[in-house]
Amino acid sequence: MMKYSKLMQKCINLAKKANGKNMPNPFVGAIVYDEEKKEIISSGYHKKYGEAHAEVNAIKNANGNTIGKTILVSLEPCSHYGKTPPCTDLIIKSGFKKCIIAMLDPNKKASGGAEILKNAGIEVVEGILEKEARELNKVFLKNILFKKPYVMLKTATTLDGKIALLNGKSKWITNEKARLKVQKLRSKYQAIMSASGTILADNPKLNVRLKNKTSPIRIIFDPNNKIPLNYNVFNNDARVILINNSKLELPKHIEQLNFDGNFDKLFKELFMMGICSIMVEAGCGFNSELIKADEIDEINHFIAPKIFGDGLNFVSGLNYNEINDSIQLKNIKVEQIEDNLLINGKIKIY
Ligand SMILES: NC(=O)c1ccc[n+]([C@@H]2O[C@H](COP(=O)([O-])OP(=O)(O)OC[C@H]3O[C@@H](n4cnc5c(N)ncnc54)[C@H](OP(=O)(O)O)[C@@H]3O)[C@@H](O)[C@H]2O)c1
């Protein structure tokens, strides 16, 4: 199975090349492999939403050299007519002997491909690098399984867990390289969400200042209409969704969504508006509300070697009697960025 793991890793790396253009579809990569010669014949990936699936591109690139060969795909081949015909038909027609799959498709409409291939006499091996494939498609999995956007919270604190001084000043806790990393993170998410406390304190732009990258949609949580419309987040550089409790006269690029206190409903509504992934960059109040409502999937926590003593916490209002009851992040990755640390972990794994 070792050889398949290496090849599947290549499929996953290929899939990443789509760089989000595939959304809301999954990231998928495929390889056509010759077991006898031990060589890769061709490869392909799902480049863009609505365009050919990874298997179709890999098979096309094999120029007919598929009979008796093996195909590796990072996601179960689809069995349905969506924007393109079923990939299972093409795999069967192409005469493959074996199909190696990393993960089954959670989308009921498209799943069942592995069974169809088995029934057609193709040997199917499932679960090769499944964990990695699920990580690659964490946004797709959350979207399909919960009809909600994937939500990542980013925070930057001192050693003693403060996100700002008591007077609200927070520029800058982390070093320049760490802040560049934040720009890169922003460019990977479809939307950035922040709240009135942070916007009134910092008047942030919440954009991406990297070359050739578009700025994410801004989702602004302002239940009591505290933010004046001339603040940076309301400029028309990007689509804006304002969450509040009233009906306001707003410029055309600002959509309004009412909030009745139910975050589960709010995120479902945001998903209905086409929002698949969100990066939250807010202060203690909003972070705490989202964590208490169990709406955060992942955290990127930057830590700088400073001590504020009194200051604003990254989160508050959680109160446990037992350490074992507290939130324990999983799949931890730690990166050192000069004198700062970035700790990445999952609250939920899909
Ligand atoms: N270091 C970092 O990573 C970082 C990141 C972002 C912000 N900050 C700093 O964080 C500070 C702002 O934090 P913040 O907590 O004041 O604001 P915030 O979290 O940005 O905003 C609080 C939001 O939550 C709402 N809310 C709902 N229920 C709440 C509750 N029970 N308690 C508090 N708010 C509730 C508030 O509505 P209402 O406004 O209507 O009350 C407001 O929209 C600023 O100093 C900013 O510089 C630091």
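The values are calculated or read from the model by the stated rules, or taken from the named source; none is laboratory data. Keep in mind that what you see is a predicted model, and the values were worked out from it rather than measured. Quick reminder, even Gly has a Cβ in these numbers, built from the backbone with ideal geometry, and neighbours come from all protein chains shown.
The set of residues in segment 92-111 that are under 17 Å from Glu123 (Cβ atoms) and either of a type in the set (Ser, Thr, Tyr) or under 29 Å from the mean Cα position of the chain (by Cα) (or both) comprises Ser94, Cys99, Ile100, Ile101, Ala102, Leu104. All conditions but one from (1) at positive phi; (2) at pLDDT below 95; (3) surrounded by 13 or more Cβ atoms within 10 Å (Cβ to Cβ) apply to Leu250; the one that does not is (1).
If you go through segment 191-217 and keep only what is away from the ligand (no atom under 11 Å from the Cβ) and either at positive phi or polar (S, T, N, Q) (or both), you end up with Asn207, Asn212, Thr214, Ser215. Residue pairs whose Cβ atoms lie under 8 Å apart, separated by 6 or more positions or on different chains, with the first residue in segment 171-186 and touching a residue at least 12 places away in the same chain (Cβ under 8 Å) and farther than 22 Å from Ile307 by Cα and the second charged (D, E, K, R) and within 13 Å of the ligand (Cβ to nearest atom), are Leu185/Lys154.
Just give me the residues in segment 73-112 being more than 23 Å from Glu132 (Cα to Cα), modelled with pLDDT of 85 or more and among the basic types (Lys, Arg), in sequence order. The answer is Lys93, Lys97.
Of all residues in segment 215-274, count the ones that are of a type in the set (Phe, Trp, Tyr) and assigned to a loop (DSSP other than H, G, I, E, B). If you could, list the steps in order and put the result at the bottom.
So the first thing to find is which residues in segment 215-274 are of a type in the set (Phe, Trp, Tyr), and the list is 221, 231, 234, 259, 263, 267, 271.
After this cut, where a residue has to be assigned to a loop (DSSP other than H, G, I, E, B) as well, the list is 231, 259.
Of the residues in segment 215-274, 2 are of a type in the set (Phe, Trp, Tyr) and assigned to a loop (DSSP other than H, G, I, E, B).
Report yes if Ile163 is touching a Cys at 6+ places or on another chain (Cβ under 7 Å) and within 8 Å of the ligand (Cβ to nearest atom), otherwise no.
Details: touching a Cys at 6+ places or on another chain (Cβ under 7 Å): yes; within 8 Å of the ligand (Cβ to nearest atom): yes.
Criteria met by Ile163.
As for segment 182-190, it holds no residue that is more than 7 Å from the ligand (Cβ to nearest atom), part of a loop (DSSP other than H, G, I, E, B), assigned by TED's automatic domain parsing to the domain that holds Gly283 and over 19 Å from the mean Cα position of the chain (by Cα). Taking the criterion of being surrounded by 12 or more Cβ atoms within 10 Å (Cβ to Cβ), in a loop (DSSP other than H, G, I, E, B) and touching a residue at least 40 places away in the same chain (Cβ under 8 Å), the residues of segment 317-349 that qualify are Asp339, Ile347, Lys348, Ile349. Summed over segment 1-34, the residues that are under 17 Å from the mean Cα position of the chain (by Cα) and in a loop (DSSP other than H, G, I, E, B) give a count of 12.
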